[in-house]
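Here's the structure, in structure tokens; my notes come after.
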Amino acid sequence: MAKTIWRYSISIGLSGCYMPNAINGPYIGTTRKELAELIRDQIRMYADQEDDPSERSLFEQVGLRRLWSHIRNHGSSTAHFSIDIGRGEEIAFHGLTKEEATEMERQEAA
């Protein structure tokens, strides 16, 4: 069986807004554990306000088992998701193709 590789860019901003505050990436990994760590890191970084929901409840929005199953069957390029962190803001994970991730890396290096 082929190795599972996931690729994401991450944007932070107002929910439903076309212009996010920041776009980061690409992030690339091969295990569910690595993906879970990336998600938790992003939650800690952007949802650290006292009035925000707990890290655990934010992480549970993802449904990691279901997401991982989708990634293994269809790839991450079709597995977009977002986490509502409160205050009308979200952390959005945009699945990338190999070519899109390579292009983001190239642009970052320039």
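None of the figures in this text is laboratory data; all of them are computed from the coordinates on show. Remember, predicted model here, so these are calculated numbers, not experimental data. Cβ: placed from backbone, ideal geometry, glycine included. Neighbour counts: every protein chain shown.
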Cβ-based net charge around MET104, under 15 Å, with every Lys or Arg adding one and every Asp or Glu removing one: -2
Max mean-square fluctuation residue, GNM over the chain, Cα-Cα springs under 10 Å, options GLY95, GLY16, GLY29: GLY16
The chain: angle of helix 98-109 to the longest principal axis, Cα-based, in degrees nearest 10: 70 degrees
Whole-Å semi-axes of the chain's equivalent ellipsoid (Cα gyration tensor): 23, 18, 11
Spin-label pair ILE5/GLU103, simplified geometry with 7 Å Cα→Cβ offset, distance in nm: 1.7 nm
Under 14 Å, Cβ to Cβ, from THR78 - net charge with Lys/Arg +1 and Asp/Glu -1: +3
Label-point separation in nm, GLU60 to MET45, each point 7 Å along Cα→Cβ: 2.5 nm
The chain: calculated mean residue ellipticity at 222 nm from DSSP helix runs of at least 4, using -39500 (n - 2.57): -12000 deg cm²/dmol
For GLU100, GLU90, GLU108, order by how many other beta-carbon atoms lie within 10 Å, fewest first: GLU108, GLU100, GLU90
Helix axis angle, 32-46 relative to the chain longest principal axis, alpha carbon, degrees: 30 degrees
